[in-house]
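The values are calculated or read from the model by the stated rules, or taken from the named source; none is laboratory data. If you're wondering where the values come from, they're calculated on a predicted model, not measured in any experiment. Methodologically, a virtual Cβ is constructed for each residue, glycine included, from the backbone with ideal geometry; neighbour enumeration extends over all protein chains shown.
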Amino acid sequence: MPYTSPVKRKAGDTDAILAANLLLATWTVALIQAHQSFRQKQHTAEAKAVFLAIVDKGSVGIKAAMAETVYA
């Protein structure tokens, strides 16, 4: 019997895979850009702001991508 998630979707659910990969990409870009900002300016608060701004943008994208799915 194949595994199904708590939302009764198959393990190969493309919507879930898309959401997971968008989340991973968002955090990867945010971390890289925040590190670059810190290396250049040595200012922790600014690096944190860069990180959070990218995560916010990515979250909007994930919400838009999941808008008409069971994950909305």
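Residues are listed down the side, and each one gets a yes or a no for (1) modelled with pLDDT of 95 or more; (2) within 18 Å of the chain's Cα centre (by Cα):
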residue: M1; (1), (2): no, no
residue: A25; (1), (2): yes, yes
residue: Q33; (1), (2): yes, yes
residue: R39; (1), (2): yes, no
residue: V55; (1), (2): yes, yes
residue: A65; (1), (2): yes, yes
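Whenever a residue of region 48-72 is over 13 Å from Q33 (Cα atoms), its partners that are of a type in the set (V, I, T) and exposed (fewer than 14 other Cβ atoms within 10 Å of the Cβ), lying with C-beta atoms within less than 6 angstrom and at least six residues away or across chains, give the pairs V70/V7.
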